[in-house]
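In what follows, a single structure is set out as structure tokens and then discussed.
The values are calculated or read from the model by the stated rules, or taken from the named source; none is laboratory data. Note that the coordinates shown come from a computational prediction; the quantities given were computed from them, not determined experimentally. Please note: Cβ atoms are built from the backbone with ideal geometry, for glycine as well, and neighbour counts cover all protein chains shown. Note: accessible area is taken over every heavy atom of the protein model, side chains too, but ligands, DNA and RNA are not part of it. Shrake-Rupley method; radii C 1.70, N 1.55, O 1.52, S 1.80 Å.
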Amino acid sequence: MAKVSVTKILGVQVQDDLKWDEHVNGMVSKCRQRLHMLSRLKKFRMPPTDLLTVYQSYVHPIIEYAVPVWHPGLTGNNRRALESIHKRAFRIILGADYEGYNRALQTLSVQNTDERRHELCANFASSCLNSRRYPSWFDVNQGHHGMQLRNTRIFAEPRCRTSRRHNSPIPFLTKCLNQV
């Protein structure tokens, strides 16, 4: 059997070193192609609200696909690359009214990409916890007694010896559940 450096599983490109550079680059490439279509629609004088709808239904799902798997392991460069798609889309949608990324977030009433991915991960963790199939992914803290304390963690966070394990999905999702 031949060793491969990258394999695609259910649309997610997994590298042999468990980094997400290839997956993020693939997403960015696909999004750029679709942003070109968005810029073509802008030339037909489509209103910004409709352009935002097109972006959220045609481009944004690519960025949000399987987020709980790869979000915890993103590097700073990966985050900036994904954020650049958001910024470029906002420049296209707002045109001359674009006054910067933070202002565009407010104008269009859209969440920051990092906040949105974190929210999607927290929702996924909650749905896993409430399902019949996956609640065993999260161990209940043995010392949890139901009292209100300052540092109450309902779920035991897995011990991680390496930063790679620390940035993997289960420890990250457990932290998300403890923050809720």
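Could you look at the chain and say what percent of its accessible area is carbon and sulfur, using a 1.4 Å probe and all protein chains?
50 percent
Accessible area per residue of the chain at 1.4 Å probe, in Å²?
65 Å²
I want to check a number: in the stretch 1-156, how many lysine pairs have alpha carbons closer than 20 Å, given a sequence separation of 8 or more or different chains?
For the stretch 1-156, the number of qualifying lysine pairs is 8.
What's the long-distance tail for the stretch 63-115, i.e. % of Cα pairs beyond 14 Å?
Counting pairs separated by more than 14 Å, the tail of P(r) holds 54 percent.
R0 = 25 Å: FRET efficiency of T162 with E115, Cβ-based, nearest 0.05?
0.40
Compute the distance in nm between two label points, each set 7 Å from the Cα along the Cα-to-Cβ direction, one at R80 and one at Q56.
2.9 nm
Any chance you could run the full-extension gain for S136 through K43? It's 0.36 nm times the residue separation minus the Cα-Cα distance, nm to one decimal.
So the extension gain works out to 28.3 nm.
Using 0.36 nm per residue of separation minus the Cα-Cα distance, give me the extension gain between K87 and D16 in nm, one decimal.
Roughly 22.5 nm would be gained on extension.
In nm, to one decimal, how far is the Y65 label point from the A2 one, both placed 7 Å along Cα→Cβ?
2.4 nm
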